[in-house]
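For reference, the structure is listed below as structure tokens.
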Amino acid sequence: MLGPLASLKILDFSTLLPGPFASLLLADMGAEVLRIESPTRIDLVRVLPPHDQGVSASHAYLNRNKRSLALDLKQPQALEVIKQLLQDYDIVLEQFRPGVMERLGLGYETLKALNPKLIYVSITGYGQTGPYKDRAGHDINYLALAGLASYTGRADSGPLPLGMQVADVAGGSLHGVIGLLAAVIARQQTGQGQHLDVSMTDCAFSLNAMAAAGYLACGEEPGRETQILNGGSFYDYYRSRDGRWLSVGSLEPPFMKQLCTALGLEELASLGLSPQPEQQRKLKDALKVEFEKHDFDELSALFAELDACVEPVLTVGEAVRHPQFKARELVTDVPRGDGSTQAQLACALKFSDGLPAPRHIGAAVGEHTDQVLGELGFSVERIAELRGAKVIL
């Protein structure tokens, strides 16, 4: 089966998380993705624990369905290989700091001259312009500068490091894919490619959807536990008697009525949408008391029968086994090279025509070098020469 993006061929120069997660989505939807990897500098994701049969589980997931060509980009012969690839691969995804690809002779303007239809996606921390463009950063830094951390967390203990990488994934990866596909549509109309400048910090900044709207229009600066959706109301997490947690999002009156009735707090249901902080505190304190009277399993079973927007906080292992995710087939078995399989998260997008089955877990560095060069017309002898010169692995 061919996926909806089977016509796309992408050279992926990215490492770590943002670029590889973006190209994973594209590969899962059928795009042909060829990773261009250094034969000497190992991608950190390749060595991150935990490992399954000697392979990083993160690498095996993030780089599934992609081929790997190990190429030393600092050598002139490597540039000739890239130029030949660009005759067929007309999308580039890269994640270096601004200027690095130019120094390697692989900048947008240089490659555009070889292929005017080239779509060139650059994912960086701070973008291609501005005073921070050359500055190092990680997810926690991008969220801090974008303002998101200022109203996330508890008022008495400050911001919390999030368990997943919001700026990397929701910022860099997802915005990168959206922009790339938009550029593909534009190219279908104009015949021309373009350069996409995707800043993870910019994209994280844009995620201040409601908070920034309130500040820009009304001058209201959001703070921790001051907003309806960040702990300033009953909308929050509640501890059970045995130390587990449940989420309560019963914003609408029918949901609030079911919540309060289930806990014997019918008289407080009218406080759910109150704008008065003292009334929200009264409701929240009452909910805390009632939740702590019951064990996690009892509360989970109770609210499983109600449509009250109350759900248990599950561990990853519990989520994997949850009937909703099982019904949605969000875990899939991906082939390894030895004929066995590895369980991984499936592509979350559902197409009525379906998606192609996963082909393989993340490849070893340079696993497909000979295959790719052979497809380009390189002879066995020429491949051996390049390997001897350490241009390829």
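I'm told L162 meets every condition in (1) touching a residue at least 40 places away in the same chain (Cβ under 8 Å); (2) part of a loop (DSSP other than H, G, I, E, B) except one. Can you identify the failing condition by its number?
Condition (1) is where L162 drops out.
From the list D353, D370, D338, exactly one residue is assigned by the TED database to the domain that holds R64 and over 18 Å from R67 (Cα atoms). Which is it?
Unique residue meeting the criteria: D353.
Being more than 20 Å from V47 (Cα to Cα) and assigned by the TED database to the domain that holds P253 narrows it down to one residue among A308, A346; which is it?
Of the residues listed, the single one that is more than 20 Å from V47 (Cα to Cα) and assigned by the TED database to the domain that holds P253 is A308.
Within region 328-355, take every residue that is among the aliphatic types (A, V, I, L, M) and in a loop (DSSP other than H, G, I, E, B) and give me the one that is farthest from A27 (Cα to Cα). Walk me through it before giving the result.
Applying the first criterion (among the aliphatic types (A, V, I, L, M)) to region 328-355 yields 330-331, 334, 343, 345-346, 348-349, 355.
Among the residues that remain, those that are also in a loop (DSSP other than H, G, I, E, B) are: 330, 346, 348-349, 355.
Details: L330: 16, A346: 12, A348: 13, L349: 12, L355: 10 Å.
For region 328-355, the residue satisfying everything is L330.
Identify all residues within region 356-393 that are open to solvent by less than 40 Å² (accessible area, probe 1.4 Å), assigned to a loop (DSSP other than H, G, I, E, B) and either within 12 Å of D28 (Cα to Cα) or not aromatic (F, W, Y) (or both); write none if there are none.
If the condition is that a residue be open to solvent by less than 40 Å² (accessible area, probe 1.4 Å), assigned to a loop (DSSP other than H, G, I, E, B) and either within 12 Å of D28 (Cα to Cα) or not aromatic (F, W, Y) (or both), then P356, P358, I361, G362, A363, V365, G366, H368, V391 are the ones that fit.
Here's the yes/no breakdown for (1) assigned by the TED database to the domain that holds D90; (2) acidic (D, E); (3) in contact (Cβ under 8 Å) with a residue 40 or more places away in the chain; (4) touching a Cys at 6+ places or on another chain (Cβ under 6 Å):
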position	(1), (2), (3), (4)
G191	yes, no, yes, no
D197	yes, yes, yes, no
T201	yes, no, yes, no
C218	no, no, no, no
Q227	no, no, yes, no
N230	no, no, yes, no
F234	no, no, yes, no
Y238	no, no, yes, no
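Within the set of pairs 6 or more residues apart or between chains, which connect a residue that is under 13 Å from A346 (Cβ atoms) inside region 308-330 to a residue that is part of a strand (DSSP E or B) with Cβ atoms less than 7 Å apart?
Partner pairs satisfying both residue conditions: V320/V331; L330/L345.
Out of all the residues in region 240-275, which are of a type outside the set (D, E), in a loop (DSSP other than H, G, I, E, B) and touching a helix residue (DSSP H, G or I) at 6+ places or on another chain (Cβ under 9 Å)?
Of everything in region 240-275, those that are of a type outside the set (D, E), in a loop (DSSP other than H, G, I, E, B) and touching a helix residue (DSSP H, G or I) at 6+ places or on another chain (Cβ under 9 Å) turn out to be S240, R241, G243, R244, G249, S250, L263, G264, L265, G272, L273, S274.
Take A213 and tell me if it is in the same structural domain as G99 (by the TED database) and among the small types (G, A, S).
no
Tell me which residues, restricted to region 66-90, are open to solvent by 60 Å² or more (accessible area, probe 1.4 Å) and either not assigned by the TED database to the domain that holds D197 or not polar (S, T, N, Q) (or both).
If the condition is that a residue be open to solvent by 60 Å² or more (accessible area, probe 1.4 Å) and either not assigned by the TED database to the domain that holds D197 or not polar (S, T, N, Q) (or both), then K74, P76, E80, K83, D88 are the ones that fit.
Taking region 116-137 only, how many residues are touching a helix residue (DSSP H, G or I) at 6+ places or on another chain (Cβ under 8 Å) and open to solvent by 70 Å² or more (accessible area, probe 1.4 Å)?
Number satisfying all stated conditions: 2.
Pull up region 284-307, narrow it to residues that are acidic (D, E) and under 23 Å from L229 (Cα atoms), then point me to the one that is surrounded by the most Cβ atoms within 10 Å (Cβ to Cβ). First the steps, then the outcome.
In the first step, residues of region 284-307 are kept if they are acidic (D, E); the result is 285, 290, 292, 295, 297-298, 305, 307.
Narrowing the set further to residues that are under 23 Å from L229 (Cα atoms) leaves 285, 290, 292, 307.
Numbers: D285: 11, E290: 17, E292: 14, D307: 10.
Residue satisfying both the conditions and the ranking: E290.
Pairs only if they're at least six apart or on different chains, beta carbon under 6 angstrom, first in region 91-109 and without any contact (Cβ under 8 Å) to a residue 24 or more places away in the chain and in the same structural domain as P131 (by the TED database), second open to solvent by less than 30 Å² (accessible area, probe 1.4 Å) and of a type outside the set (G, A, S); list them, first residue then second.
Note: pairs meeting the criteria are G107/M101.
Hey, among the residues in region 12-49 that are open to solvent by 10 Å² or more (accessible area, probe 1.4 Å) and small (G, A, S), which one's farthest from the chain's Cα centre (by Cα)?
Going through the qualifying residues, I end up with S38.
The values are calculated or read from the model by the stated rules, or taken from the named source; none is laboratory data. Predicted model, so just to flag it, every value in this text is computed and none were measured. Methodologically, a virtual Cβ is constructed for each residue, glycine included, from the backbone with ideal geometry; neighbour enumeration extends over all protein chains shown. SASA here: full protein model, heavy atoms, side chains in, ligands and nucleic acids out. Shrake-Rupley method; radii C 1.70, N 1.55, O 1.52, S 1.80 Å.
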